[in-house]
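Chemist: Sending over a structure as structure tokens; questions will come in a sec.
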Amino acid sequence: MDFAAFFTRRTVQSSPRLSHNIALMEAHTTPKPHSRKRRKDATGPNGTADEDSVPTKMPRQTQGVSQPAPFSDELEIDLSKLYHRVTMEEAKRGTPPDRPVRVYADGIFDLFHSGHARALMQAKNLFPNTYLIVGVCSDELTHNLKGFTVMNEAERYDAVQHCRYVDEVVRNAPWTLSPKFLDEHRIDFVAHDDIPYSSAGSDDVYKHIKEAGMFAPTQRTEGISTSDIITRIVRDYDVYVRRNLQRGYTAKELNVSFINEKRFNLQERVDKVKKKVKDVEEKSKEFVQKVEEKSIDLIQKWEEKSREFIGNFLEMFGPEGALKHMLKEGKGRMLQAISPKQSPSSSPTRERSPSPSFRWPFSAKNSPPASPGRRSRAITGAYDISEDEED
């Protein structure tokens, strides 16, 4: 019985999740014949036969897709079976399903973020058949060799456990990988970014791994790291303190003094007032803009109406307006109405007495009667109206 058989038999009983995944792996690796025969007498509209079967897409063979990854100290491995490390060529070419390439990646994984997940994803996809083991350093070791962490070790273990690319988690991982540790966990390759990691008096803690040919480099994700996230929080310290004070945290919990608490509360009130003033300004600007638009429309309409009114006035009362023509027509009709018709020159002149009701105010009472010719001239002169009087 080979190494994989021993490993499977001892781990199935201790990890139900692992046994479920192994059963899925065995089911997927079992060859299933697919019928590609076509019947000439029963072809479909696209030239395919009813018996043609389309191969289904193989689900991704990865641990940690339904349950957290198990811890290494919870798994039992039969150490009586000798371990033979695979070479890089064998790993890239692909190993049998029952012998995955065991890749190890370690780190602090504080404030687990997308950069950590991407690094583990690269480690998981280094080879066609990879079993990813992730080591997480403890608080004591990290605080002594690197610095204080935001999350404690239990939180960091749990965060790595729930990453979909992780198959196994090693708690209290060592800072420097020893041959004993590599043999104990039967590690084939160690995955990490290729930048030298100096610590504990060493220029590169992975130097001996690289010299042994067990190093598999990954790429760092630029723009995201635990230090970057902490830098953002420190840079915007006041903003986050005020944020948490609003959400119910006390000044004691935030390690904020009494004076600073009052200062933050005052800043919060001032910001609220500024926000209200800004909102009022924006609304007033919108109102003024609407009033300006309406006033412009009103002025344009007034100009149009005024032009129309002036045009109508000039048409009526202008020099060549309708009123002047009406007056001229009325004057002509009036002259025509009051002017008598002249008798023909051949007709004899008859003496006409003036109308009894017509009397000239400036005539004398006892004036002598005028001659017929003279009287006719007087009557004609009475009806002769000058040009000025007509106007």
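The values are calculated or read from the model by the stated rules, or taken from the named source; none is laboratory data. Quick caveat: nothing in here was measured; it's all calculated off a predicted structure. Don't worry about glycine lacking a Cβ; one is built from the backbone with ideal geometry, like all the others, and counts go over all protein chains shown. With ligands, DNA and RNA removed, areas are computed over all heavy atoms of the protein, side chains included. Shrake-Rupley method; radii C 1.70, N 1.55, O 1.52, S 1.80 Å.
Chemist: Kindly indicate whether any position in region 168-191 is modelled with pLDDT under 95, of a type in the set (G, A, S) and under 24 Å from E211 (Cα atoms).
Modeler: Yes, because at least one residue in region 168-191 is modelled with pLDDT under 95, of a type in the set (G, A, S) and under 24 Å from E211 (Cα atoms).
Chemist: Shifting gears a bit: Pairs only if they're at least six apart or on different chains, beta carbon under 7 angstrom, first in region 181-205 and under 30 Å from D78 (Cα atoms), second among the charged types (D, E, K, R) and open to solvent by 80 Å² or more (accessible area, probe 1.4 Å); list them, first residue then second.
Modeler: D188/R85
Chemist: Count, please, the residues in region 126-152 that happen to be over 20 Å from S225 (Cβ atoms), assigned to a loop (DSSP other than H, G, I, E, B) and under 39 Å from the mean Cα position of the chain (by Cα).
Modeler: 3
Chemist: State whether the residues of region 139-162 include one that is touching a residue at least 40 places away in the same chain (Cβ under 8 Å), hydrophobic (A, V, I, L, M, F, W, C) and open to solvent by less than 10 Å² (accessible area, probe 1.4 Å).
Modeler: yes
Chemist: Mind listing whichever residues of region 165-196 are open to solvent by less than 70 Å² (accessible area, probe 1.4 Å) and in a loop (DSSP other than H, G, I, E, B)?
Modeler: Within region 165-196, Y165, V166, D167, A173, P174, W175, L177, S178, H185, R186, I187, D188 meet the criteria.
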